[in-house]
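Here, each number is a calculation from the coordinates, and none is a lab measurement. Just so we're clear, the structure is a prediction, and the values are computed from it rather than from any experiment. When we count neighbours, we look across all protein chains shown, and the Cβ atoms used for this are built from the backbone with ideal geometry, even at glycine.
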Amino acid sequence: MTSKKGFIKLIEKLLFRLLYIIIFFITIITIMNRMLTSKMIHDPDIDLKKNAFSRETNFIPGFPSDFIIGTATSAFQIEGEGNTEWKGFRGRDGTLLGKAIDHYGRYKEDMEYILYLGNSYRFSMDWSGLQKNPFSKLDEDVLKHYKYIFETLKKNNKKVCLVLNHFSNPGWFIRKGGWLSKDSVDMYIDYSKKVLDTFHENIDIVNTFNEPNGYAFLMHISPEFPGSRFSLIRWHKTLKNMAEAHNKIYDFIKEQYPQILVGISHAYMYMEPVSKKNIFQKMIIKFADRIQNEGVHERFTKNGKFDYVGFSYYGRLLIDKTAILANTEKGKKFLDENGLKHDDIFEIYPEGVYRNIKFFYEKYKKPILVTENGNSTNDDDLRIESIYGHLFFIMKAINEGIPVIGYFHWSTFDNFELAYGPSRRFGLVSIDFKDPQLKRTIKESGKYFHHIAENLTLFKY
């Protein structure tokens, strides 16, 4: 009996692998067929040396009076593991997630920094703390905690962007199959409706999901998240369920609270070939676009159920045989030898945010919201330079008449940066992880960002 079951499992594995190979080759053939008939999403005729933060004449440096500018966080990355799938997780540097930066315990102190850094705040809440079981009432004590945050923001005239799901889920949700389960949509909708019914008066914008393409990718294509494993079938099913959940909660919000703007935050990398004549590099970009960029994005936009195009942007991915990243020795060497600025992970390419804005507006004709942008670096001068560069190109888009409604910097605080742990520093507020008290200190980049947000004017650094 045991040997029979083992034989059946072996056959299943072989069939799945055969299916993956077939899907891969069908995709490659499709891409090759389209290479001659379709236009590259991004213009490859770009000088690789040109990633300087240039300034232009005839440029109005003031943002519109209703421009949204602030910072962003994620609940489990600052509050801690809760009762999520991240419980017990250790970063690559060996650091236990635990309470992260203990924001849940120090939220009143942290609100001072949040209020200082802009006219808005993008954040998520701990679903596992708010809802202890499927379809149960929301926990009253946890509601009081978040009520203070919402009311403090509104009392200080700050815009609120609430992310309903940002890379973490309750343990009970995961045990029931997570986003692979046919019940995942109903469980998410139940939680979201209860949150919206409670806090709708204090919410201006909703991201139904943070970077669903990133979540599915790090769960089932390049496994890094807790409980992840490679599976194209699981990747597809995860995105299918998330897209269905997005559509349903969009309908609910538009029926009940139509004043709230609704969309997702899509992780969008700007990709270019190292050589514009290299067909192989172009094929990689086409393939990546289909499985990670617009091919996934269209699952959430095809029904028109979004009020704005929200995307995160961290830099340009140059494509050689693989993506060139600064967190590899080979990638860092290439960027340095070619004089291309970079942080600890990505090449810093501010013009990419402008090109993405242009692409999305030309395609969808809807307002644009930059939901995340920032740098992993201990070089605060580089962070200041990057803030200026990205806001410069956002202003360029606005000057051209594109309705860019806002910008959120990632992140308010140095936090537990996913698999990297606290070794990657994105914050405008420094956290001393060696200090038992996790001392907070505003960085010079935070003061610079405050100066821009306070005056809605782009000042030179």
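Values as computed for the structure displayed
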item: Helix runs (DSSP H) in the chain reaching 30 Å along axis by Cα, Kyte-Doolittle at least 0.0; result: 2-35
item: Amide N of region 94-121 lying under 14 Å from the label point, which is placed 7 angstrom from the Cα of residue 141 along Cα→Cβ; result: 105
item: 201, 294 arranged by Cβ crowding within 10 Å, fewest neighbours leading; result: 201, 294
item: Simple spin-label estimate for residue 181 and residue 255 in nanometres, 7 Å along Cα-Cβ; result: 2.4
item: Dipole magnitude of region 221-293, debye to nearest 20 (Cβ charges: Lys/Arg +1, Asp/Glu -1, about Cα centre); result: 400
item: Beta bridges per DSSP with both ends in the chain, % antiparallel, nearest 5; result: 20
item: Gain upon complete extension [residue 189, residue 148; 0.36 nm per residue less C-alpha separation]; result: 12.4 nm
item: For peptides 429-436, 284-291, 67-74, sequence by mean Cβ density within 10 Å, most packed first; result: 67-74, 284-291, 429-436
item: Region 269-306 versus region 203-222: alpha-carbon centroid distance in Å; result: 17
item: Distance between modelled label sites at residue 90 and residue 172, nm, 7 Å Cα→Cβ extension; result: 3.0
item: CD proxy at 222 nm, helix term only [per DSSP H run n ≥ 4: -39500 (n - 2.57); per residue of the chain; nearest 500]; result: -13500 deg cm²/dmol
item: Neighbourhood net charge (9 Å Cβ-Cβ; Lys/Arg +1, Asp/Glu -1) for residue 78; result: -3
item: Which of 424, 229 has the fewest Cβ neighbours within 10 Å, and the rest in rising order; result: 229, 424
item: Nitroxide proxy distance, nm - points 7 Å out along Cα→Cβ at residue 288 and residue 274; result: 1.2
item: Positive-pole candidate from 134, 118, 149, dipole of region 111-150, charges at beta carbon; result: 134
